[in-house]
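S.K.: Starting off with a structure, shown below.
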Amino acid sequence: MIYADNAATTKMSPVALAAMLPALEDNYGNPSSLHSVGQHAAELLQSAREAMARCLNCKPREILFTSGGSEADNQALLSAAELGRLKGKKHIISTAFEHHAVLHSLKRLEKQGFEVTLLPVGPTGTVTAQQVKEAIRPDTCLVTVMYANNEIGSILPIEEIGAVCREAGVLFHTDAVQATGHLPIDVKAQHIDMLSLSGHKFHGPKGVGALYVRQGVPITSLIEGGAQERGKRAGTENVPGIAAMAAALEDACAHMEENRAKVTALRDKLIAGLSQIPHSALNGDPVNRLPGNVNFCFEGIEGESLLLLLDDAGICASSGSACTSGSLDPSHVLLAIGRPHEVAHGSLRLSLSEWNQPWEIDHILREVPRVVAYLRSMSPVWKD
Amino acid sequence: MIYADNAATTKMSPVALAAMLPALEDNYGNPSSLHSVGQHAAELLQSAREAMARCLNCKPREILFTSGGSEADNQALLSAAELGRLKGKKHIISTAFEHHAVLHSLKRLEKQGFEVTLLPVGPTGTVTAQQVKEAIRPDTCLVTVMYANNEIGSILPIEEIGAVCREAGVLFHTDAVQATGHLPIDVKAQHIDMLSLSGHKFHGPKGVGALYVRQGVPITSLIEGGAQERGKRAGTENVPGIAAMAAALEDACAHMEENRAKVTALRDKLIAGLSQIPHSALNGDPVNRLPGNVNFCFEGIEGESLLLLLDDAGICASSGSACTSGSLDPSHVLLAIGRPHEVAHGSLRLSLSEWNQPWEIDHILREVPRVVAYLRSMSPVWKD
Amino acid sequence: MALYTDTVMDHFMHPRNVGEIADADGVGQVGNAKCGDIMKMYLKIKDGVIEDVKFETFGCGSAIASSSMATEMIKGKTIDEALAVTNRQVVEALGGLPAHKLHCSVLAEESIKSAIKNYYDRNGIEYDHSKFPDDCGEVESCRMV
Amino acid sequence: MALYTDTVMDHFMHPRNVGEIADADGVGQVGNAKCGDIMKMYLKIKDGVIEDVKFETFGCGSAIASSSMATEMIKGKTIDEALAVTNRQVVEALGGLPAHKLHCSVLAEESIKSAIKNYYDRNGIEYDHSKFPDDCGEVESCRMV
Ligand SMILES: Cc1ncc(COP(=O)(O)O)c(C=O)c1O
Ligand SMILES: Cc1ncc(COP(=O)(O)O)c(C=O)c1O
Ligand code: FES
Ligand code: FES
């Protein structure tokens, strides 16, 4: 199989596995235990925290380990809202195409009396710092804007947005789940107060993530209980997962430029080739996009059928099609960038990693046009 | 090292590791992905759900996977409270010696206007169904009572408590984190509406757990986002962890009687031996206790010193001492069963598994009396 | 793929009776491009018997499989037999569909009815309007099931 | 163990000057059993110099190590030098203590002061009461730092 669904999840790297296995097999203590087996686990946890901190340019104590990106997003928004409530500030700014972990948390806050401004993202899928600046009000308690979009791959100007927020004295959170390990992160230079990441998006394990919280920003527990994570996230720490995530992130950061160059070349070849398909359109910004992200709409095509036939042709891909999600509405991201419903149903996302090979791109470029043509041939609405 | 801290966490079993590794290395897809790599992961997830359901005697759809016992406890209490709010019922019954994941969640609910009755647990550490029955009021929305206590190991009459709750039409949740895999669970026969468990307490992995929720009991999301776990728990599923937890639980359930007999024999030998130490007292019920739990108070001793010296003697143990926890108050569990502060500081918990060997018990029985005598000899308050 | 039964996958990968019938006696189309699924059914009818049937579908795997299965079920049958085919029967013949895909089988049932209605209309045959679905394009909401 | 420095562990595992001095010239005890830590210090004083010192401690690893280190720091010193020993110096000599364990070093400082105060009292020597801790047993709360 050609795996081209790395935005959904990645295969663990040998480096990450090598960090995980000893912690699973031998170093199994509970970091809260005083005895040496526990303290060895505590040391692993601390080294992982330090490694993560080096990758983000923050202090180890500013890293809060969570069970993934969704939990990190939820806790970031809960914390900012709690703070806003205390200060009587109940306005939040975000974008129309955030991940559901953010959008659904915002919905919950709306029910609790918060007011949410979702900035429009325009046809290429981005927002400007100017848009954010204009939306900030005296009662704004949080700006949450993703670093890179998971479906269409557009990269947002978070450094500029961070600067605008810092100047206005408003908390800035970014969902960097798709960016971490693939794009440079420097929470200081980028003026980030909170940042979410998830291990399995950069060849680390599933079920583990982190929230960076700038020192001084008060954080609210989502999960109450023991005093783990300095009392801000209860539950016995997933030491093997955390160790593996840290190793994966260090590895990704060490090879970021090299991987980026390689993956971008594959991506651009794929984009050029698929653009040849009649009535196709690239979604997202052609240049300012994640190295591995390719996303097209093909008119007259329904996404799920496309995926099933590509799977049969040995290609793992994804779609923003409604039918793939169990809902009947197509991707909110494609609708946000202005694709009509009927077109949004026919989207294809191919997301590459540095492990994809040039021959795989060639194979994809042979199969996608064939399958698109076949499906159009059996469509009642498509007549060339 | 002799590992006698299995109530804190356990070493993964070969069976659990064998279930985890292929999912880490090969079966790495996202279960939400339609392609075959994703669908293989979805199948693993489904088999794990079915295996868990067989062990608890429930339907697969009644299992909600979480990141551990703490998250399960938090979500159970949140859900019951949400329901109570809707019905105008804001009274909750629990016990004084629950885990902090429950007690701190209850504190949070108290701040939100709920009234909490914490039943006293008496000198042996238990509550009766009669106590629960008498505490139930017309506005009671939840009874949450642990199946077995994590510190002193006492086993609570949850089947009787479940029956009382069912009859009164009150939701019943049990924190079965310490019981799962060690004591029989049958959610139907035991009249349980919600049950929390955590993988790493029965030779499964850390960072994964589950909440059983009886069909028909509406559940509230703690983590919002994607539609995983039927929309009740967002976040890409930790498939390797879940598969390993299910394998560990099946293994534990298949060998429960045999393990119980073996571990109980070791435990009773340990209890008999340690009882010889002058001015020592067993904590918890001598009979009605977890197979692996041994917990003593030694007068004139401080727990942390004891642990450090035992560690030096090759024994991993735990203590309810204040000094081990960073707080200065000793274990709320030991205080709840009536130990005075000065005695509660000198507690020792040894928690065994079926992998402990008879010679290890002999070694512990040699070392503990020696270390206790040494510490007493340097104590200003202890003069025999 | 665990998502679909082997029968669904077989009909999806090798759909029977795909295409159009240029001189069809009845043509029906249901669904809505906005919702991501349109099904078109072509019937060749002689002496009240469906001699030939073809379909064109824009939709998901289960929509294509449902169309294919439905054509097989009515081919060679009388109009009354075809009208008696329900979406439940299509689902059963497919060995089941995921819950959120049941509406695809509804489209299959409705596209047959719609094509037969068109045949009745063309030939001035009386029928009970209440037993037939509304024409395509009048769908208010995408949530059909 | 990562919890404590090597020096702390050395003093915990091999505490210096443990025991009591039957004919001590000054004895001080601080802490509270309720809080899980009591430190008792025995001094033998001649010509204003601490000739011998011993301690007994009921408490955690860092309490025992702090006592041991404190006795080493004052042995052979004058009373004034001993009074100048602060908990910070004990912590430094131990190579650091975890934040929530700093109060154990405070006990060490206070137990020395308490023993010297007892020596002053026994010998009718005047001193500035404000510079000495209260007697043991008057602790209101366990949270000392
Ligand atoms: C009784 C009890 N409940 C809940 C928990 C929390 O489980 P976890 O640490 O896996 O979140 C534990 C163990 O830590 C426990 O013993
Ligand atoms: C942008 C973005 N945010 C959040 C998440 C949630 O991460 P997880 O599924 O690991 O909880 C994802 C991926 O699923 C994502 O792509
Ligand atoms: S056509 Fe969309 S679910 Fe079937
Ligand atoms: S004696 Fe308890 S923390 Fe030191």
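S.K.: From A:339, A:289, A:370, A:349, grab the single residue that is within 16 Å of ligand 2 (Cβ to nearest atom), more than 24 Å from residue B:31 (Cβ to Cβ) and either among the aromatic types (Phe, Trp, Tyr) or not assigned by TED's automatic domain parsing to the domain that holds residue A:155 (or both).
M.R.: One residue alone meets the criteria, A:289.
S.K.: Mind listing whichever residues of segment B:166-190 are assigned to a loop (DSSP other than H, G, I, E, B) and under 19 Å from residue B:9 (Cα atoms)?
M.R.: Hits for segment B:166-190 are B:176, B:177, B:178, B:179, B:181, B:182.
S.K.: Residue by residue through segment A:64-101, note down the ones that are more than 16 Å from ligand 1 (Cβ to nearest atom) and at the interface with chain B (Cβ under 8 Å from one of its Cβ atoms).
M.R.: Scanning segment A:64-101 gives A:69, A:70, A:73, A:74, A:99, A:100, A:101.
S.K.: Would you please name the residue that is nearest to the other protein chains (Cβ to nearest Cβ), looking only at residues in segment A:22-31 that are surrounded by fewer than 21 Cβ atoms within 10 Å (Cβ to Cβ) and of a type outside the set (D, E, K, R)?
M.R.: A:27
S.K.: Which condition from (1) closer than 16 Å to residue B:151 by Cα; (2) buried (at least 24 other Cβ atoms within 10 Å of the Cβ); (3) away from ligand 1 (no atom under 16 Å from the Cβ) is the one that residue B:284 breaks?
M.R.: (3)
S.K.: Next question, about the same structure. Which residues, counting only those in segment A:72-92, are free of Cβ contacts under 8 Å to residues at least 60 places away in the same chain and touching a helix residue (DSSP H, G or I) at 6+ places or on another chain (Cβ under 7 Å)?
M.R.: A:90, A:92
S.K.: Hey, another quick one. Under the condition of being charged (D, E, K, R) and not in a loop (DSSP other than H, G, I, E, B), which residue from segment B:191-249 is farthest from ligand 1 (Cβ to nearest atom)?
M.R.: In this case the residue turns out to be B:230.
S.K.: For segment B:270-375, give me every one of the helices (runs of 4 or more DSSP H) that falls completely inside it and has 1 or more residues that are more than 10 Å from every other protein chain (Cβ to nearest Cβ).
M.R.: B:332-336
S.K.: Out of segment A:32-63, which residues are closer than 23 Å to residue B:17 by Cβ, within 29 Å of the chain's Cα centre (by Cα) and more than 9 Å from chain B (Cβ to nearest Cβ)?
M.R.: A:42, A:43, A:44, A:45, A:47, A:48
S.K.: If you don't mind, another one. Restricting to segment B:102-118, name every residue that is small (Gly, Ala, Ser) and within 14 Å of another protein chain (Cβ to nearest Cβ).
M.R.: Matches in segment B:102-118: B:105 only.
S.K.: Can you pull out every residue in segment D:28-53 that is buried (at least 19 other Cβ atoms within 10 Å of the Cβ) and more than 16 Å from ligand 4 (Cβ to nearest atom)?
M.R.: Result: D:28, D:42, D:43, D:45, D:50, D:53.
S.K.: How many residues are part of a helix (DSSP H, G or I), touching a Ser or Thr at 6+ places or on another chain (Cβ under 9 Å) and not polar (S, T, N, Q) when one looks only at segment B:56-72?
M.R.: Number satisfying all stated conditions: 4.
S.K.: Which pairs do you get when a residue that is in contact (Cβ under 8 Å) with a residue 40 or more places away in the chain, found in segment D:69-90, comes within reach of a residue that is exposed (fewer than 14 other Cβ atoms within 10 Å of the Cβ) and small (Gly, Ala, Ser), reach meaning Cβ atoms under 7 angstrom, with the pair 6+ apart or on two chains?
M.R.: D:79/D:48
S.K.: Residue A:98 passes all but one of (1) outside any strand (DSSP E or B); (2) farther than 25 Å from residue A:210 by Cβ; (3) not aliphatic (A, V, I, L, M); which number fails?
M.R.: Answer for residue A:98: the failing condition is (2).
To keep it simple, each residue is scored yes or no on (1) of a type in the set (S, T, N, Q); (2) touching a helix residue (DSSP H, G or I) at 6+ places or on another chain (Cβ under 6 Å); (3) over 22 Å from residue A:252 (Cβ atoms).
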| residue | (1), (2), (3) |
| --- | --- |
| A:135 | no, no, yes |
| A:171 | no, yes, yes |
| A:183 | no, no, no |
| A:188 | no, no, no |
| A:196 | yes, yes, no |
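S.K.: Something else now. Can you name every residue in segment D:83-108 that is buried (at least 23 other Cβ atoms within 10 Å of the Cβ) and either closer than 27 Å to residue D:47 by Cβ or in contact with a His (Cβ under 8 Å, 6 or more places away or on another chain) (or both)?
M.R.: D:90, D:94, D:108
S.K.: Let me ask something else. Select from segment C:31-48 the residues that are at the interface with chain A (Cβ under 10 Å from one of its Cβ atoms) and under 13 Å from the mean Cα position of the chain (by Cα) and write down the one among them that is farthest from ligand 2 (Cβ to nearest atom).
M.R.: Across segment C:31-48, the extreme among qualifying residues is C:42.
S.K.: Also, I was wondering about something else. Hey, could you check segment C:6-19 for residues that are surrounded by fewer than 16 Cβ atoms within 10 Å (Cβ to Cβ) and within 13 Å of chain A (Cβ to nearest Cβ) and say which is farthest from ligand 4 (Cβ to nearest atom)?
M.R.: C:19
S.K.: Taking strands (runs of 3 or more DSSP E) that fall entirely within segment C:21-67, which contain at least 2 residues that are within 13 Å of ligand 3 (Cβ to nearest atom) and modelled with pLDDT under 95?
M.R.: Here the list reads C:26-32, C:37-46.
S.K.: Any idea which residue in segment D:54-98 is nearest to ligand 2 (Cβ to nearest atom), counting only those that are hydrophobic (A, V, I, L, M, F, W, C) and within 9 Å of another protein chain (Cβ to nearest Cβ)?
M.R.: This residue is D:60.
S.K.: Among B:163, B:76, B:53, which is the only one that is surrounded by fewer than 21 Cβ atoms within 10 Å (Cβ to Cβ), in a helix (DSSP H, G or I) and touching a His at 6+ places or on another chain (Cβ under 8 Å)?
M.R.: Residue meeting the stated conditions: B:163.
The values are calculated or read from the model by the stated rules, or taken from the named source; none is laboratory data. Remember, it's a predicted structure, so these values are computed and weren't measured experimentally. Every residue, glycine as well, gets a Cβ built from its backbone with ideal geometry; the counts of neighbours run over all protein chains shown.
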